[in-house]
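Worksheet: one structure, shown below.
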Amino acid sequence: ITDYKGHFLKINKAGCELLGYEEYEILGYSFEKFTHVLDKAVFSNEIKKIKEGEFIDFENRYITKNNDIIWLQWHCNVIKEEGVIYATAKNITEEKKLREVVEDATQLARIGGWEIDLIANTIYWSKMVHELHETDPENFIPTPSSSVDFYRDDYKEIVTNIIKQSVASREPFAFEAPIIT
C-alpha cells in the first residue's frame, strides 16, 4: 500500500523477501528509491496516471538490497476515499529473460510469431512478423482478413482453409507460402 506520492505505507512479508529488505527499511520510502535508474521515468509516468484515477498495469526493474536487478509486473488500484494505492507485484524476471532469448533467436532466424483471438476477431503479430510484412507495428493493426490479403492471390484460399481446418480440429499447422509486402 502506498500514498499518492508512491511512498510505501505497508508491505507484506513476500514483498520484503522479494526486495531483500526488512519492512522498516522500506516503509516511508518511495517506490523510486528501489526503482532501476533506467525505469524511473516509467515509474513517474505511471504514478501520474494513477493520480488521474486509472487502474494501472506496468512493468519495471527494481534493485534488490543485494544489488540484483529484478523485473516486477505491477497491478495498481487507487482508493480515493482512503487516499491510497493498493498494488500487487509479480516477479517476472525469468519471463523477461526468456522473452529476450526468444527475441534474439527470432532476430537471428528471422522467424516471427502470430496469434489469433477468435472471440475478439483480432490478431497479434510479433515485431518480426511486422518486419517480414514490411508494416509498422505502431500504425498497422492486423486483422484476420487483412493478414490473408498479404498472401499471393493463388494462396489466399489455401491459407484460409488451412486456418479454418486448424480451428475446427484444434490441431497445429505449418505451411510455406509467398507473401506480397
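The values are calculated or read from the model by the stated rules, or taken from the named source; none is laboratory data. All of these numbers come straight from a predicted model, not from anything done at the bench. Please note: Cβ atoms are built from the backbone with ideal geometry, for glycine as well, and neighbour counts cover all protein chains shown. The area values use the complete protein model at the heavy-atom level, side chains included, leaving out ligands, DNA and RNA. Shrake-Rupley method; radii C 1.70, N 1.55, O 1.52, S 1.80 Å.
Checking each residue in segment 19-42 for being assigned to a loop (DSSP other than H, G, I, E, B) and either in contact with a helix residue (DSSP H, G or I) (Cβ under 6 Å, 6 or more places away or on another chain) or open to solvent by 30 Å² or more (accessible area, probe 1.4 Å) (or both) picks out Gly20, Tyr21, Glu22, Leu27, Gly28, Tyr29. Per the conditions (1) assigned to a helix (DSSP H, G or I); (2) surrounded by 11 or more Cβ atoms within 10 Å (Cβ to Cβ); (3) modelled with pLDDT under 90, the sole criterion not satisfied by Asp104 is (2).
Listed conditions (1) outside any helix (DSSP H, G or I); (2) under 29 Å from Ile141 (Cβ atoms) are all met by Lys49, apart from (1). The C-beta contact set for segment 28-51 (first residue under 18 Å from Asn66 (Cα atoms), second residue of a type in the set (Val, Ile, Thr) and open to solvent by 80 Å² or more (accessible area, probe 1.4 Å), distance under 9 angstrom, 6+ apart or interchain) comprises His36/Ile69. In segment 139-163, the residues that are open to solvent by 50 Å² or more (accessible area, probe 1.4 Å) reach residues that are basic (Lys, Arg) and in a helix (DSSP H, G or I) with C-beta atoms within less than 8 angstrom, at least six apart or across chains, in these pairs: Asp149/Lys156. Counting only residues that are at pLDDT below 90 and in a strand (DSSP E or B), which one in segment 116-138 is surrounded by the most Cβ atoms within 10 Å (Cβ to Cβ)? Looking at the filtered set, the residue picked out is Ile116. Determine the pairs where a residue that is open to solvent by 60 Å² or more (accessible area, probe 1.4 Å), located within segment 1-18, has a partner that is hydrophobic (A, V, I, L, M, F, W, C) and part of a loop (DSSP other than H, G, I, E, B) with Cβ atoms under 8 Å apart, the partner being 6 or more residues away or on another chain. Correct list of pairs: Leu9/Ile1; Leu9/Leu27; Lys10/Ile1; Lys10/Leu27.
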